Amino acid sequence: MFESVKLSMLESLRPLLPMPLWHKLLFLLATFALIIAVYFYMGWVPLQQSITQQKTAMKLQQTMLLKNQRLAHDLPRKQLEYTKLEKQLKVALNMLPKKSQIPDLLENVSWAGKDSGLLFKRFKPGKEAIKQIYAEVPVKFKVSGSFRQLLTFLKRVGEMPRIVDVKNMKLSAGKSPGMLSVSGLAVTYRFVDAQAENGRNGRRK
């Protein structure tokens, strides 16, 4: 078999034998260049493209690895921050009474004023203003008493475990010497359970 291949190759090269030497060299150079070109386009270029793709994939994996390592390194700190925020949220929610606790809270505000010596002429809860997770419960009030009694009342309201914000106060001279007539707005806040509110609104519809 190999002998036949040799003979066929010799027969194919036989036309070159009478040619001048430089023709033979030129033919060999052209054949060599053709072989290199075929190898370049059929082997080298695909190989380089594959290497480039592998390098790109490796860089992407290294980037993702570094990112995951940073996240893993920051995880304890993030967990600690989350725990602190969760505790702060619980404290804040404990300062926001539920709807069922509002009447008792308003009664405590009223008793704080009366116990301070103030005379209530008006104490009227207004319409709630619902925000995202809480609702504002405004109460219009009008009292009369001395400046010291007013300060005592504000101090006691500020010491309550629930949030009560007294604002928009207007002071004017009372009918008796040393007495003041005070009107204002006491705003407390209650926690809004979104699911409960939505269910309640759905039943109303």
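The values are calculated or read from the model by the stated rules, or taken from the named source; none is laboratory data. All figures in this text were calculated on a predicted structure; none of them were measured in a lab. Cβ: placed from backbone, ideal geometry, glycine included. Neighbour counts: every protein chain shown.
Only one of the listed residues (Pro161, Pro138) is modelled with pLDDT of 85 or more and under 23 Å from Phe191 (Cα atoms). That residue is Pro138. Condition (residue is surrounded by 12 or more Cβ atoms within 10 Å (Cβ to Cβ), closer than 15 Å to Ala112 by Cα, assigned by TED's automatic domain parsing to the domain that holds Asp104 and not charged (D, E, K, R)) applied to region 172-180: is it met by at least one residue? Among the residues of region 172-180, not one is surrounded by 12 or more Cβ atoms within 10 Å (Cβ to Cβ), closer than 15 Å to Ala112 by Cα, assigned by TED's automatic domain parsing to the domain that holds Asp104 and not charged (D, E, K, R), which makes the answer no. None of Lys24, Lys67 is modelled with pLDDT under 80 and of a type in the set (Lys, Arg) except Lys24.
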